Amino acid sequence: MIASTLPLSQCTARTWPVVVVGAGVAGALAARQLAQAGIEVLLVDRAPFPRWKVCGCCLNRRALETLAAVGLGSLVGDRGGIPLYSLRLASGGKTATVPLPLGAALSREQLDATLVQEAIQAGAQFLAGTQASSRGLVGEQMRQILLHQGEQEATIQTRVLLAADGLQGQLLAREPGCEVVVRRGARIGAGAVGDEAPPFFTPGTIFMACGAEGYVGLVRLEDGRLDLAAALDAEQVRLQGSIANTVARLLGQVGWTAHLDLSALTWRGTPPLTRRARLLAGPGLFVLGDAAGYVEPFTGEGMAWALASAVAITPLVLQAMDRWHPGLAHAWQRRYQDLLGGAQRRCRFVTGLLRSSWMRPLLVHVLAHVPSLARPFVP
Ligand SMILES: Cc1cc2nc3c(=O)[nH]c(=O)nc-3n(C[C@H](O)[C@H](O)[C@H](O)COP(=O)(O)OP(=O)(O)OC[C@H]3O[C@@H](n4cnc5c(N)ncnc54)[C@H](O)[C@@H]3O)c2cc1C
């Protein structure tokens, strides 16, 4: 358990230069980077840490490189992360094995808690189990945030708010212009974790079953558990009656159900996945990680995007410490597009192909014979 570093009552006594809401990979790394640069940062999360979340738990090459670039290159290995060598893709009776360039599987309990600890070590203050909601600008320069911790409530002020509250966040729900645009027909996410992992699901391989219902990925974690994460067609979930039934159908079509007792798992769902925030920045505000935008997870890049955005935001926040000016909002909008626009378009393209009932098996068939064709799509 990671304890809060200060009581809620002490947070109100000053104006915080930076408050980061959300201690997922985006928020925790941004807080760490800013604290290292000498900024007083308050990192807030509504969950107690460590916490589980729906995720495939696969860090790709780009994510590992970003961690290495900020001096955290050994973090994943030190926590027992399992190197990933291959992706086994199955659809419509066909299977392809694609080699992976570099990657690792690490549970989100371990990864996120370690990044929070790194932020605290760098000097950030941390409030766990604390729900934040933005109350907008006070005057031209200051932002107000309402914090709830159990029965307690407090209002704090900050010069810069980083919204890293993820896919399910409601931090900016009351702020005009901060709506989220959800893509029509976007799939929903779902996840579960199995304490007992059948030997069929060998460590080091991502198993991915695709069908008309969506897809489900299975991977062994550092402690031997089996992580399951899926992107599912909401209408199919309704027709099948539950997430568990829909996943069972997907796995049954590729012959992998015999290896698993799906009835023993507890599933958690997410809202529709593919989305973007209308506003990425405004006076004293930057939005990053999933809160800024997300594309469904087939290519397993969300954490790489979140980590990259956390590093890229740091110089802009440092500039905002001197004085906020509208150029900073434009700069983040541009930087975000340059950094992630191409990757998100590529991911949308691949997930679009997978929706086609004739393209899906064809794709797997082609990859089974020429696995190297997957290279541009395995970042
Ligand atoms: C099914 C599925 C599979 C995936 N598989 C992969 C994969 O294999 N590889 C990969 O790289 N990515 C994957 N992703 C994507 C990845 O999970 C996200 O992109 C990543 O977690 C984004 O990090 P984040 O820090 O932006 O948000 P999160 O990790 O979601 O963190 C947001 C945090 O904000 C907190 N919070 C929210 N609202 C508030 C509030 N009001 N006050 C205080 N705290 C708040 C939450 O408690 C949470 O801890 C997957 C996603 C899904 C849905």
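FYI, it's all coordinate maths here, none of it is from the lab. Predicted, not measured: the structure shown is a model, and the values here were computed from it. Cβ atoms come from the backbone with ideal geometry, glycine included; neighbour counts cover every protein chain shown.
Dipole orientation for the range 287-339: of the candidates Leu318, Thr299, Leu288, Leu318 has the Cα lying most toward the positive pole (charges on Cβ; Lys, Arg +1; Asp, Glu -1). With 0.36 nm allotted per residue and the present C-alpha distance subtracted, the Thr266-Ser74 stretch has 65.9 nm of extension available. What's the local net charge at Val364, with K and R +1, D and E -1, over the other residues with C-beta under 12 Å away? So the surrounding residues net to +3. Bridge orientation summary for the chain: considering DSSP beta bridges with both residues in this region, about 70 percent are antiparallel. Modelled label positions at Met142 and Arg183, each set 7 Å beyond Cα in the direction of Cβ, lie 4.2 nm from each other.
In the distance distribution for the chain, Cα-Cα pairs more than 35 Å apart total 24 percent. Report summary: the helix-based calculation at 222 nm, which adds -39500 (n - 2.57) for every DSSP H run with n ≥ 4 and divides by the residues of the chain, gives -9500 deg cm²/dmol. What is the local net charge at Asp261, summed over the other residues whose Cβ is closer than 15 Å to its Cβ (Lys, Arg +1; Asp, Glu -1)? Net of charged neighbours comes to -1. Could you let me know the centre-to-centre spacing of the range 37-55 and the range 77-91, using Cα atoms, in angstrom? Each part reduced to its Cα centre gives a spacing of 26 Å. Only Lys, Arg, Asp and Glu carry charge here, each on its Cβ (+1 for the first two, -1 for the last two); on that basis the chain has a dipole of about 1100 debye about its Cα centre. Label zone of Leu6 (point 7 Å out along Cα→Cβ, amide N under 15 Å): in the range 146-168 this covers 147, 154-160.
Remark on Val41: its backbone amide H falls under 5 Å from those of Gln125, a criterion applied only to residues 5 or more positions apart or on other chains, H modelled at 1.01 Å from N. Positive-end ranking of Pro48, Ser4, Leu265 along the dipole of the chain, with charges on Cβ about the Cα centre, is headed by Leu265. Kirkwood analysis of the Cα pair distances in the range 1-133 returns a hydrodynamic radius of 16.1 Å. The residue list Gln152, Ala122, Gly139 was ranked by how far each Cα lies along the charge dipole of the range 111-160 toward its positive end, using unit charges on Cβ atoms, and Gly139 comes out on top.
Summing charges over neighbours of Gln333, with a neighbour being any other residue whose Cβ is under 14 Å away from its Cβ, gives +3 when K and R count +1 and D and E count -1.
Charges were assigned to the Cβ only: +1 to each Lys and Arg, -1 to each Asp and Glu. The resulting dipole of the range 1-129 about its Cα centre is roughly 420 debye.
For the range 101-125, the residues whose backbone nitrogen is under 15 Å from a point 7 Å from the Cα of Arg225, taken along Cα to Cβ, are 105-114. In this structure, Thr155 and Glu196 have a Cβ-Cβ separation that, at R0 = 51 Å, corresponds to a calculated FRET efficiency of about 0.60.
Normalised by the number of residues in the chain, the mean separation of alpha-carbon contacts (under 8 Å, six or more apart) gives a relative contact order of 22 percent. Annotation for the range 157-232 versus the range 272-318: alpha-carbon center distance of 15 Å.
In a reduced charge model with +1 at each Lys and Arg Cβ and -1 at each Asp and Glu Cβ, the range 298-377 shows a dipole moment near 260 debye about its Cα centre.
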